[in-house]
1. Would it be correct to say that Lys216 is of a type outside the set (S, T, N, Q) and farther than 22 Å from Met123 by Cβ?
2. What pairs come up if the first residue lies in the range 121-141 and is in the same structural domain as Ile75 (by TED's automatic domain parsing) and more than 17 Å from Arg90 (Cβ to Cβ), the second is surrounded by 13 or more Cβ atoms within 10 Å (Cβ to Cβ) and among the charged types (D, E, K, R), and their beta carbons are under 7 Å apart, counting only those six or more places apart or on different chains?
3. How about the range 51-86: which of its residues are among the hydrophobic types (A, V, I, L, M, F, W, C) and either under 18 Å from Asp106 (Cα atoms) or crowded, with 17+ Cβ neighbours inside 10 Å (or both)?
4. Among what's in the range 208-254 and is assigned to a helix (DSSP H, G or I) and small (Gly, Ala, Ser), pick the residue that is farthest from Lys184 (Cα to Cα).
5. Hey, can you tell me all the residues within the range 99-121 that are of a type in the set (S, T, N, Q) and crowded, with 22+ Cβ neighbours inside 10 Å?
Amino acid sequence: MRRALAIILLVLISSVLSSANSVEFYEKTFQQARSLKNEAQLSKLIKDLENLIYGSNNPDKEEFNEKELEKVKVILSETYFEYSEILLERQKKEELLRKSLELSEDILKFNQQNGRAYYVASMCSARLIDFVNVFGKLNLLNKFDAYIDNAIRYSNDYIYKGLSFMAKAVRYMSAPWPFGDTKKALENFKEAEKYIGDYSGVHLYLAEIYLKLGDKKSAENSLRMVLNLQPHPYFLVQHETNVKVAQQILQNLK
């Protein structure tokens, strides 16, 4: 497992080094930092992107056209979100989520067909539910529903379309009555599987749904899929966690 992770990481690093100071460079840097859940790398990327986008008299900014700058802003908004995911300090986490949501919504004001920005906005809306009162929770849930449907509609990238279906499924799986729906969760996880079936997280969630539905055999099959899959290059650290969880659930089912 460790050897496989090292090989995949080497490929990611090589890609990053080959395209410095471009949208591709920042995208690859983000992918690597997210995959490894590297706090220092995410923090540095935020500083670099903020300096590029908001810094005064930055000559590097002139190298990017309007469409490229939009892509860089989306990367920054998602970096805010991913950084918030690994922080423990509640106040800092909320601050990053609000910055991410504000930036993604700002992007959508100018481009209402940016699927990735909708995805980031939906994820931030979902996470911010934990930081507001009951009325705010309902408002954010409605925001999530609208944003995630548009993320699915406008995402051309298989990864983000799959992640969007998965996020919608988790919403139906996790929401309390009357907002939850196990069958809708299963339907959306099945849709996610069509796009990111090589990511172990989808199969781990499928196992949880099957167990809720009392389908132990299907749950075991999904858990074994988690164990048999190679690590997805975009989610290396998360894959290791997924494998450990799947192993524990299988052990408990014996």
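The values are calculated or read from the model by the stated rules, or taken from the named source; none is laboratory data. It should be emphasised that the depicted structure is a prediction, and the values quoted were computed from it without experimental measurement. Glycine gets a Cβ as well: all are built from the backbone with ideal geometry, and neighbour counts include every protein chain shown.
1. yes
2. What qualifies is Ala121/Glu105; Ser125/Lys143.
3. Of everything in the range 51-86, those that are among the hydrophobic types (A, V, I, L, M, F, W, C) and either under 18 Å from Asp106 (Cα atoms) or crowded, with 17+ Cβ neighbours inside 10 Å (or both) turn out to be Leu52, Ile53, Phe64, Leu69, Val72, Val74, Ile75, Leu76, Phe81.
4. Ranking the qualifying residues of the range 208-254, first place goes to Ala246.
5. Matches in the range 99-121: Ser100, Ser104, Asn114.
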